[in-house]
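Each remark here refers to the structure printed beneath this line.
Coordinate-derived values only; no laboratory data. On a predicted model such as this, the values are computed, not experimentally measured, just so you know. Neighbour counts run over all protein chains shown; Cβ positions are idealised from the backbone, glycine included.
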Amino acid sequence: MINIKKRKKNSSKLFDVLEQGYDIKEHDNVSEQLKKASKVFSVPSNQLEKTIQRFLNETQKKDKTKVRDLGEACKHLFNEWKNAQKKKKTVSSDEIETLKNQAETIPGTAIKIVVGECDSDSIATAGAITEDENFVAHIYDGEKLTSSASGNVDIDLREIAPEIGEILGGSGGGKQKLTQCGGPKKENINDALEKAKELTIKKLKKL
């Protein structure tokens, strides 16, 4: 009896959370609906509320979709989230061009440094910039700061990543020409980008 009450309480919370983006027709067969929802996200039912809220936040769903039950809502949400992730990894050529136009040439060299924020995935964006020669890019996408260098640029980004990550309250590391930094202090991103630029110039500037 207690379990049935608990399940009803849990499902009621889930329906409330999903109401942000879904109009769910059926509210019966709670136990079966919870099983379907758990299967979609591969999490136990007690973690569903938190998981669904995260997926709604990351998908930024604005319109309400009519669905039959909880399971169908979760399946739809998961597919929307997957599409949003794919879209994020698709780099806009306009965005790349805009960032490249902001590039500064490091004194005494032919190397250009690009520092900025992007809407796409920072790894994809920084990588697209440094496909051309003579570029170092430090790009932030709201989650992580990615640093990348063109193949012909003589720099080891691993030497500066920890210092940048520290400003964000975390750490940094990776490969010689591709590193990532991150941490909870997202409000410090401007300072972190400025430090990334300063350290890069210091390493590459030729008098």
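For this structure, a couple of remarks:
- ³J(HN,Hα) computed for each position of the stretch 65-72 - Karplus, 6.51 cos²θ - 1.76 cosθ + 1.60, integer Hz, glycine/proline x: 10, 7, 9, 6, 9, 4, x, 5
- Cα gyration tensor, the stretch 133-207 - rounded (a/c under 1.5), prolate or oblate: prolate
- All other residues whose Cβ lies under 12 angstrom from that of residue 44 are scored, Lys and Arg at +1 and Asp and Glu at -1, for a net of +2.
- Note on 51, 200, 65: ascending count of other Cβ atoms within 10 Å places them as 65, 51, 200, the fewest first.
- Tail weight of P(r) past 20 Å, computed on alpha-carbon pairs of the chain, percent: 63
- Taking other residues whose beta carbon is less than 13 angstrom from the beta carbon of residue 180, and scoring Lys, Arg as +1 and Asp, Glu as -1, yields +1.
- Per-pair calculated FRET efficiency, R0 = 25 Å: residue 102 and residue 176 via Cβ, rounded to 0.05: 0.50
- Bridge type composition, the chain - antiparallel percent by DSSP, nearest 5: 65
- When each of the peptides 173-182, 27-36, 93-102 is scored by the mean number of other C-beta atoms lying within 10 Å of its residues, the order from highest to lowest reads 173-182, 27-36, 93-102.
- The angle between the Cα long axis of helix 48-59 and the main principal axis of the chain comes to about 50°, on a 0 to 90 degree scale.
- Proximal aspartates and glutamates relative to residue 86, as straight alpha-carbon distance under 12 Å, when same-chain residues fewer than 8 apart are discounted: 121
- Taking 15 Å as the cut-off, the amide N atoms of the stretch 27-61 that come nearer than this to a point 7 Å along the Cα-to-beta-carbon line of residue 79 belong to 40-41.
- The simple Förster model, with R0 at 22 Å and r as the Cβ-Cβ distance, assigns residue 53 and residue 185 a FRET efficiency of 0.45.
- Separation of the residue 94 and residue 23 label points, Cα + 7 Å toward Cβ, nm: 3.3
- This model, with +1 at the C-beta of Lys and Arg and -1 at the C-beta of Asp and Glu, gives the stretch 106-207 a dipole about its Cα centre of some 380 debye.
- For residue 143 and residue 32, the FRET efficiency from 1/(1 + (r/R0)^6), where r spans their Cβ atoms and R0 equals 30 Å, is about 0.25.
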